[in-house]
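This report concerns only the one structure given below.
Just so you know, all these numbers are worked out from the coordinates, no wet-lab data involved. Computed from a predicted model, the values in this text were never measured in an experiment. Neighbour counts are summed over all protein chains in view; Cβ atoms, including those assigned to glycine, are modelled from backbone coordinates with ideal geometry.
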Amino acid sequence: MNSAKSYQKKKGTGYVFTSGLGLVISLAMVAWIIIIILVKGLGFFWPGDVLQVKLQNGDSYMGELWDEHLDKETLVEETQIKIGNRDVYGRDFIWLKNNEIASRSYPENAVTFERMEYGNFYGFIKAAYLDDKIVQPGDGETLKDVVFDVHDQAMDTKEQINDLQEEATEIMAPLAEVQREMTLLQLAGAEETATGKQQFDELQKKADELDKEISPQIEKINAQLTTLVLRDRASYLEVETADGTTKHIELSSIVRFFYPNEMGAVSKSIHYAGKLWEFVADNPRESNTEGGVFPAIFGTVLMVLLMSIAVVPFGVLAAIYLNEYAKQGAIIRFIRLSVNNLAGVPSIVFGVFGLGFFVYAVGGSIDQLFFSSKLPEPTFGTGGILWASLTLALLTLPVVVVATEEGILAVPRANKEGALALGSTKWQMIRKIVLPNAMPGILTGLILAISRGAGEVAPLMITGVVKLAPTLALDGSFPFLHLDRKFMHLGFHIYDVGFQSPNVEAAKPMVYSTALLLIIIVVLLNLFAIYIRNNLRKKYKTSTF
Amino acid sequence: MSTEHKTPKDFRRKVERADRWSRRVITTGGYGIIISIVSILLFLIYQSLPLAKGASINEILSMPATRSENPVVLTGVDPYLEVFYELDNRGSIKFYNVDSKALIKEDQLPLKANEKILTAAKGNLTKEIFTVGSDSGRLITSSIEMKPEYTKSGRTIEAMVYQEEEWQAATENDTIPNHIEKLTFVENSDGTRVWSWIDHTGKLWLRIYDAEDEEEYLYDLSEDISGQITSFSLSHNAENLVVALKDKNVYWFDISDFEKIQLKDRWTLETIADAVNYLLGDQAVAIGGQDGSVSVWFPVRSPANLFKFRKVHEFISHNAAIDQIYVSSRNRNFLTVDTKGNVKLHYSTTGQTQLEFKPADFPVTAAAFSPKSNAILVVDGQKRFSLYNLENPHPETTLKTLFGKVWYEGYPKEEFVWQSTGGSDEFESKLSLIPLIFGTFKGTLFAMFFSVPLAIFAAIYVSQFAPKRLARQIKPTIEIMAALPSVVIGFLAGLYFSPLFEEYLMVIFLFVILLPLFFLIALFIWQRIPEKMQARFPLGIEILFVIPIGIITLVFAMSFDHVVEQILFQGNFQQWLYSTLQITYETRNSLVVGFALGFAVIPIIFTVSEDAISNVPESLSSASLALGASKWQTVRRVVLPAASGGIFAAIMLGLGRAVGETMIVLMATGNTPIIDLNPFNGFRAMSACIAVEIPEAPVGGTLYRVLFFTGLLLFVFTFIVNTLSSLIGDRLRKKYARF
């Protein structure tokens, strides 16, 4: 008995199992986080059925079933419903006590409206109006057909309005440019000097001429616009909420509407795909809580590209120096220590450095030298995509150095010595032997740097990221790439929508989807890097002489 | 060969040139790494260094005493330091240009013939309005405007004097006319004006003009006070009056209700106060004593919920009696002037005397801060006017305020407080780094408690006990965990885990308590299984064994949490915590942060220590096994000691990551800068504080530099941790490398 016990102790079964437990918990944590994000991120786009509940006191609510829980105080089961209709109720969600609910139903003709403003609307369609006149369904037509038809018409009208407005802006552009120059002159106080005054008068004359030239066109467009806008305003749906209140919704403010309770799995899937596409390809709506995240994806990609342009050459040079040029000794030890430490410096410290050095010191000097006419409004002296990229380049530098070194170390010594023995210079050897063979390592470094850069937020939020950028940093106007512009970023989008938005509960699904997108990007990049690295190892295992 | 290099010699020259250039460029790249990290360090130091700089002055103007025959009673300068004025006791106001020293304008207060000004007082910190009291009992209130005018040739200052009002104090059946001996005056932001003065009979009067109701009030305060008055001061918001007496008593009147003046407090000093003055913020009063002592007092809430004035800061004493105190309009700076003409500059919050200077050999008759507090002007008894540039960018930070306890206005005692911005310009900024440092280490501690055992056990299992095939798949999985962006973890912690923890707190507690229990029971059963059968299970059975235990524990915890909560904690654990232990439960608390930081820290510790354990030479463990040690004994006695360097390095790296992590702590805590070990409330970490506050901080201001300094602290800390980790890791590795 005693010996058996001591044997067990010696064998340490308990410790072995404990270490297994440690691993299982760690893996369970990873699985947990991935599953939550997958479920919540992907579930959001699925069109939820619209539930109508009638309470015992006669009230009635309609919306998507959101959550259920047990209230700890009263021990009553409660149901949370997303009732939408923010313009009617003033809130998006409601908790109902289950014992007060008299009946639940899923009415066939319940409609979900996605709107430009005030979030979703849940209700029934009573009638459709075009030009203030009710549209009656024709023979063999249902009200539903009519509504889809008038919505299409309203969307056409809206598009025409947009086109006309764009046309007007284009016609006005030369005049606007002249007026801008005049304002600049005025701001600079040039009117007080004789030459400045003359310049100003010339511009004034030019502006008057332009005005005369384009005003007939503008008037024509304005007349057209007026009719269209009036028609747009007079086209609406008469809808009814669950409790019988009727309301008018302008057709052009409806992004899309559907009858979720009637939809089968196939039509729901089609709807789902459409929503998914909207998410990655459209602009955000309603202070980022609806619509898509295209500008954030665009900003992330552009920032990461700029960062790569800066970090890869620098990192590769440093790695080559460490392995091919530096002599073993204090310097190389110091550089390695620097790389290690650079990797360990908190990202926010890079952010602080970026803000103080790039934005205020370098950017401020650039403004003084080249953009002094615009001061005190800063051009480069404020956060922008260039400064954010450079800050991240510094942050990801060690990643590139370490990965490139790994690649260089994997190049067999014999190959290098062979090249030198044949009379090549060191640079020729590096160019023809080391670099091509270290390419997978460099690529690994690049990918890991991109993945790190795409996920980093703290340094960006103080060097140029904004919640809503009015324009992309890359567009059709000269000089096409606007390095001074602020940009949107997926990671910051998560922080901003999840924590800074006024309606966090309604914004949550959007945040999960964005998080999922970011994780997919980052994880794919990492898997790719791991794949390349493993192949690199295999390749050189066989090529030793 | 192409046409470019015609001869082999040319070709060689070209190749060699390329070689030389590439060597230069690559070497630059290598040194670039050192340059980057050193420049980050130097830049952070460069930005935070001005915090340590004290105040300094340099004289920009000294005008000799030839202009006026009469003593000067009041002086002031415009915000751009271009024009200054002097008011003498005959009511003549002269404006001079600072650069050219030329008289640019002269004006005259409406004094009668032979009427002399006995006293003068400014009434507002931001604009030049003042009252003079004369020897015929008149209070004449005037204002001066020094407005910048922009013309082609640049900026000129246009000086104007406006007469605001005159008022005659009654001469109550007296043979000699009423004298205004000493005066204080205030106009607050509503336009309400309050005057308080002592007449020739020694009586203290209070006159109020209420701008809102356009009503006037006059009080004789001598009824409440018995004794000779030495000095008195009105608060700038016209709500308080303090009066110091020759018997060392000080009286505090609440005059905010104009219809009912209230005596709120009375206390005794150790010396006679010859000068008192309210500082910016209207809380603290600077008191200068006849013995030369300087102190700051403000009301502190007593246990009986009454406000009592307490001496909070004491400054370096003068050698002579102090007769004047001047207050800055920008911060808690004030000047004390003694009867021998020595001037000292103090800062109330820090309790520091920053400067001492003696403008002349004669006593000072009038002094002032410039409107932006960037200059000090002094007129001495010989009517020499001096203007000093005051360089004092960060008076509110000293080592003591950054790292020590400070007694702030309105607080009951000395405390560590971080509160960088307030509602008004008069806000006293509280920049103690201790709550932030505490917050950072609180979060780190919870994270390390949670992650270190998990990660190291997992590393031991994967490298020593797991089947090789499994191990190859697990490593990349954990590496993926390392790649999860911290913003995603932070967002989940803030919006998913924290409400979940709040709702299922009891389940989590039960799980943590029951898991070891169930684990031991299961282990006991396992050991009863005969050896032969145990051997038949495949390698890695431990994992399959552990998973059901975890699931059973979870199910058990979830089904009995209500029961346990009812029996032990009266049905609501959070409420029980509050009512029994006075611990508040915040949704976003340190437990959640510790758990969430685990996602960031575990993969680092795991990967590095797994590498270290795997790299222990086969020969060591083989020898141990051959000598008959069990697998676990080999791990415990041979492998772990050999890998201890790597494991230590891993923990250090994890520590560095936890200390610097920003987004997780930003999103998963409430960011309240409190010092409290309670695991159920939040904290404010250094990193999160920088991220939140630096975008709003004015460039070059104190907050901006303090945040840079915080960044420097983080940098230095992680630098030390990283260097330690590589040094000690190396040394331990060498120690075992001989095997």
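Where does the charge balance sit around B:H394 when Lys and Arg score +1, Asp and Glu -1, over other residues with C-beta under 10 Å from its C-beta?
Around B:H394, the charge tally is +1.
Only four residue types carry charge here, +1 at the Cβ of Lys and Arg and -1 at the Cβ of Asp and Glu. Report the dipole size of segment B:373-469 about the Cα centre in Debye, rounded to the nearest 20.
About 720 debye.
With an 8 Å cut-off on Cα pairs and a minimum separation of 6 or more residues, tell me the relative contact order of chain A in percent.
It rounds to 14 percent for chain A.
Arranged from highest to lowest average of other beta-carbon atoms within 10 Å per residue, in what order do the peptides A:517-524, A:89-96, B:483-490, B:335-342 appear?
Taking the mean over residues of other Cβ atoms within 10 Å, the ranking is B:483-490, B:335-342, A:517-524, A:89-96.
Given H placed on each backbone N at 1.01 Å, which residues far from B:A211 in sequence or on other chains put an amide H within less than 5 Å of it?
Counting only residues 5 or more places away or on other chains, the set is B:T192, B:R193.
Would you mind pulling out the separation of the Cα centroids of segment B:290-325 and segment B:114-154, in Å?
With segment B:290-325 and segment B:114-154 each reduced to a Cα centre, they are spaced 30 Å.
If you average 1/r across every pair of different Cα atoms in the protein assembly as shown and take the reciprocal, what Kirkwood value do you get, in Å?
Here the Kirkwood hydrodynamic radius works out to 37.6 Å.
Enumerate the lysines that B:K116 could reach by cross-link, defined here as Cα to Cα under 23 Å, with residues fewer than 8 away along the same chain left out.
B:K94, B:K105, B:K182, B:K203, B:K383
Just flag the trypsin sites (Lys or Arg not before Pro) in segment B:662-739 sitting in loop per DSSP whose Cβ has no more than 12 other Cβ atoms within 10 Å.
The qualifying sites are B:R738.
Per-residue Cβ counts within 10 Å, from other chains only, averaged over B:453-464: what number is that?
Taking all residues of B:453-464 together, the mean is 6.
Using only atoms on other chains, find how many Cβ atoms lie within 10 Å of each Cβ of peptide B:488-499 and report the average.
That works out to 6 on average.
Would you mind checking which residues have amide H under 5 Å from B:H313's amide H? H placed 1.01 Å from N; only 5 or more apart, or other chain.
B:V296
Can you tally the net charge around B:M160? Count Lys and Arg as +1, Asp and Glu as -1, for every other residue whose Cβ sits under 10 Å from the Cβ of B:M160.
Summing Lys and Arg as +1 and Asp and Glu as -1 gives -1.
Placing unit charges on C-beta atoms (Lys and Arg positive, Asp and Glu negative, everything else neutral), compute the dipole magnitude of the protein assembly as shown about its Cα centre in debye, rounded to 20.
Dipole magnitude for the protein assembly as shown comes out near 10380 debye.
For segment B:434-735, compute the number of Lys pairs whose alpha carbons are separated by less than 27 Å, excluding pairs fewer than 8 positions apart on the same chain.
7
Give, in nm to one decimal, the length gained when the segment between B:A482 and B:I60 is fully stretched (0.36 nm per residue of separation minus the Cα-Cα distance).
That pair, B:A482 and B:I60, stretches by 145.9 nm at full extension.
Helix-derived [θ] at 222 nm for the protein assembly as shown: sum -39500 (n - 2.57) over DSSP H runs of at least 4, divide by residue count, nearest 500?
Calculated from helices alone, the mean residue ellipticity at 222 nm is -15500 deg cm²/dmol.
Straight distance only, please: which aspartates and glutamates reach the Cα of A:K158 with their own Cα at less than 17 Å, same-chain residues fewer than 8 apart left out?
The reachable aspartates and glutamates, counting only those whose Cα sits under 17 Å from A:K158, are A:E114, A:E117, A:D131, A:D132, A:D149, A:E166, A:E167, A:D232, A:E250.
Do any chymotrypsin sites (Phe, Trp or Tyr not before Pro) in segment B:161-252 lie in a DSSP loop with no more than 16 other beta carbon atoms within 10 Å, and if so, which?
none
Using the structure shown, list the pairs from A:K40/A:K275; A:K40/A:K82; B:K122/B:K430; B:K53/B:K311; A:K126/A:K247; B:K147/B:K372 with a Cα-Cα distance above 18 Å, or answer none.
Over 18 Å apart, Cα to Cα: B:K122/B:K430; B:K53/B:K311.
Report the gain in length on full extension from A:L185 to A:D132: 0.36 nm times residue separation, minus Cα-Cα distance, nm rounded to one decimal.
Full-extension gain reported as 14.1 nm.
Taking just the alpha carbons, could you work out the radius of gyration and Dmax for segment A:160-275, both in angstroms?
24.8, 76
Mind checking B:689-701 for the average number of partner chain beta-carbons within 10 Å of each residue's beta-carbon?
Shielding by partners across B:689-701 averages 3.
Eigenvalues of the Cα gyration tensor times 5, then square-rooted: what semi-axes does that give for segment A:297-489, in whole angstrom, largest first?
Value: 36, 17, 16 Å, ordered largest first.
Compute the label zone of B:I513 within segment B:560-577: residues whose backbone N is under 15 Å from the point 7 Å along Cα-to-Cβ.
B:560-574, B:576-577
Once you treat every alpha carbon in chain B as an equal point and sum by Debye, what is log10 I(q)/I(0) at q = 0.07, 0.08, 0.09, 0.11 Å⁻¹?
-0.72, -0.83, -0.93, -1.16
When only DSSP loop residues count, what GluC sites (Glu not before Pro) in segment B:270-360 have their Cβ near at most 16 other Cβ atoms within 10 Å?
In loop regions of segment B:270-360 (DSSP not H, G, I, E or B), the sparsely surrounded GluC sites (Glu not before Pro) are B:E270.
Take the Cα radius of gyration of segment B:34-100 and divide it by 2.2 N^0.38 Å, with N its residue count; two decimals is plenty.
Rg over 2.2 N^0.38 Å, computed on Cα atoms: 2.01.
Ranked from highest to lowest mean number of other Cβ atoms within 10 Å per residue, what is the order of the peptides B:497-504, A:29-36?
Highest mean packing first, the order is B:497-504, A:29-36.
For the ranges A:78-87, B:622-631, A:320-329, what's the packing order if you count other beta-carbon atoms within 10 Å of each residue, average per peptide, and put the highest first?
Ranked from most to least packed, the peptides come out as A:78-87, A:320-329, B:622-631.
Please give the net charge around B:F369, taking every other residue with its beta carbon less than 14 angstrom from that of B:F369, where Lys and Arg add +1 and Asp and Glu add -1.
Summing Lys and Arg as +1 and Asp and Glu as -1 gives +3.
If I model a spin label at B:L627 and A:R413 as a point 7 Å from the Cα along the Cα→Cβ vector, what separation in nanometres do I get?
Each label point lies 7 Å from its Cα, and together they span 3.4 nm.
Take the alpha carbon atoms of segment B:63-113, find their center, do the same for segment B:577-626, and report the distance between the two centers in whole angstrom.
With segment B:63-113 and segment B:577-626 each reduced to a Cα centre, they are spaced 73 Å.
Could you tell me which of rounded, prolate or oblate describes chain A, using a ≥ b ≥ c as the square roots of the eigenvalues of the alpha-carbon gyration tensor, with rounded for a/c under 1.5 and, failing that, prolate when a/b is larger than b/c and oblate otherwise?
Since a/c reaches 1.5 but b/c is at least a/b, the shape of chain A is classed as oblate.
Around A:F93, which amide H atoms from residues at least 5 apart in sequence, or from another chain, sit under 5 Å from its own amide H, with H modelled in the peptide plane?
Under 5 Å from the amide H of A:F93 lie the amide H atoms of A:I83, each far enough along the sequence or on another chain.
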